[in-house]
Amino acid sequence: MPEQRKIVSVADLIQNMEKIRDRKPKKGSVYVEDLGGNVIIIEMRVAVLDEAREMGQEGGKDSGDCHIIAESVVEPDFHNADLLKKYSVPGSVDLVRKLLKPATIRSLSLEIVKFSGFTGSTVGIVEELKN
């Protein structure tokens with residue numbers, strides 16, 4: 001059962017507006033065997049997840065997963081023009097497909113989704129309120 005805390009008010013949200021607005025995404029490091037080292041990931045935005053769902057429906061099985069990786073891995077930068085040119089691919093999704101095995105694409109994508117808080121629950125019922 002979640003810990004009981006105070007009720008958040010409008011005044012609290014106004015007082016914390018700058019802190020909430022300026023919140024930076026979390027960063028993490030993930031080992032990727034196919035690359036022989038760690039990559040730096042950032043917390044995924046909701047828009048990226050929405051785009052990935054659309055891509056998965058339109059562009060093939062792994063398109064959504066590749067998009068999640070391309071948008072959430074910040075080091076190395078899969079959007080780097082020199083890297084795309086060197087690997088002779090038109091875009092970051094194609095680069096991810098070229099660099100990573102299919103199983104790694106799926107695993108890394110799921111790790112990013114989990115790291116970003118899109119699995120499990122970040123909220124919980126403390127108590128049921130009566131009118």
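At a glance:
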read-out	value
Total residues in segment 40-72, condition more than 17 Å from residue 102 (Cβ to Cβ) and either in contact (Cβ under 8 Å) with a residue 60 or more places away in the chain or not hydroxyl-bearing (Ser, Thr, Tyr) (or both)	17
Unmet criterion (only one of (1) modelled with pLDDT of 85 or more; (2) surrounded by 17 or more Cβ atoms within 10 Å (Cβ to Cβ)) for residue 56	(1)
Selected residue [in contact with a Phe, Trp or Tyr (Cβ under 7 Å, 6 or more places away or on another chain) and surrounded by fewer than 18 Cβ atoms within 10 Å (Cβ to Cβ)] from 36, 28	28
Hey, residue 42 surrounded by 17 or more Cβ atoms within 10 Å (Cβ to Cβ) and either touching a Ser or Thr at 6+ places or on another chain (Cβ under 6 Å) or among the β-branched types (Val, Ile, Thr) (or both) or not	yes
Residue in segment 1-24 that is closer than 18 Å to residue 112 by Cα and surrounded by 10 or more Cβ atoms within 10 Å (Cβ to Cβ) present	no
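The values are calculated or read from the model by the stated rules, or taken from the named source; none is laboratory data. Bear in mind the structure is a predicted one, so any value in this text is a computation, not a measurement. Positions of Cβ are backbone-derived with ideal geometry, glycine not excepted, and every protein chain shown enters the neighbour counts.
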